[in-house]
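To start, the structure under review is shown below, and the notes come after it.
The values are calculated or read from the model by the stated rules, or taken from the named source; none is laboratory data. Computed from a prediction, not measured in an experiment: that's the story for all the values here. With ideal geometry, Cβ positions are generated from the backbone for all residues, glycine too; neighbour counts draw on all protein chains shown.
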Amino acid sequence: METNYNIETLFICLFIITVFTLWYKYVYLVKQRTKMKYVYEKLYRHIKQKKVITSLCIEMRNVLTTEEIKIVYKHFKSQKPSKKINKEFFNNKCFVGGVFWWKHYTLNEKLIDESTKQRKLFIFKMIKITTEN
């Protein structure tokens, strides 16, 4: 009798854990990713036509609500280019890895354009990342 009780309890616990895991993976995480994608798209629409972008964080503050910034900021910071992730941005001549990630050049128009292009491409990649399953 006691063995049946323990087995039933074990199955109930396994069922609850399985349901929670499935909900977390297929509902919660998908919903969070969808929110991030929406916010990144909103930011991209804002920066897409800009001639010069000196800081993505400043652009975020200009166009996103506080709640929207909270949705993407942790993900955004975790995607900072390095030798391991987003290497294509890390290896760019304009990438400096500091607070602003890409250097803003005040006198060299070609490098200003390249830094702006890199910032736009980075946000575009974040849209692609948040679109993938």
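Looking at the structure I just gave you, is TYR38 surrounded by 14 or more Cβ atoms within 10 Å (Cβ to Cβ), under 28 Å from PHE95 (Cα atoms), within 17 Å of the chain's Cα centre (by Cα) and touching a residue at least 60 places away in the same chain (Cβ under 8 Å)? No.
Which one is nearest to LYS120 (Cα to Cα), of the residues in segment 22-53 that are modelled with pLDDT under 90 and β-branched (Val, Ile, Thr)? Only one residue tops the list, namely VAL30.
Inspect all residues belonging to segment 49-56 and state whether any of them is surrounded by fewer than 11 Cβ atoms within 10 Å (Cβ to Cβ) and not in a loop (DSSP other than H, G, I, E, B).
The answer is no; no qualifying residue exists.
Among all positions in segment 16-25, there is no residue which is part of a helix (DSSP H, G or I), free of Cβ contacts under 8 Å to residues at least 60 places away in the same chain and touching a helix residue (DSSP H, G or I) at 6+ places or on another chain (Cβ under 9 Å). Here's a check for you: in segment 98-112, which residue that is free of Cβ contacts under 8 Å to residues at least 12 places away in the same chain and part of a helix (DSSP H, G or I) is farthest from ILE85 (Cα to Cα)? In this case the residue turns out to be GLU109. Screening ASN133, ASN92 for residues that are at pLDDT below 95 and touching a strand residue (DSSP E or B) at 6+ places or on another chain (Cβ under 8 Å) leaves exactly one candidate, ASN92. What are the pairs with Cβ atoms under 6 angstrom where one residue, in segment 74-86, is touching a residue at least 24 places away in the same chain (Cβ under 8 Å) and the other, located anywhere, is surrounded by 11 or more Cβ atoms within 10 Å (Cβ to Cβ) and assigned to a helix (DSSP H, G or I)? Sequence gap at least six, or different chains. Qualifying pairs under 6 Å: HIS75/MET36; PRO81/PHE89; PRO81/PHE90. Filtering segment 112-129 down to residues that are in contact with a Phe, Trp or Tyr (Cβ under 6 Å, 6 or more places away or on another chain) and at pLDDT below 95, which residue is farthest from VAL72 (Cα to Cα)? Looking at residues that are in contact with a Phe, Trp or Tyr (Cβ under 6 Å, 6 or more places away or on another chain) and at pLDDT below 95, I get ILE112. Scanning segment 103-124 for residues that are closer than 24 Å to TYR38 by Cα and among the aliphatic types (A, V, I, L, M) yields LEU121, ILE123.
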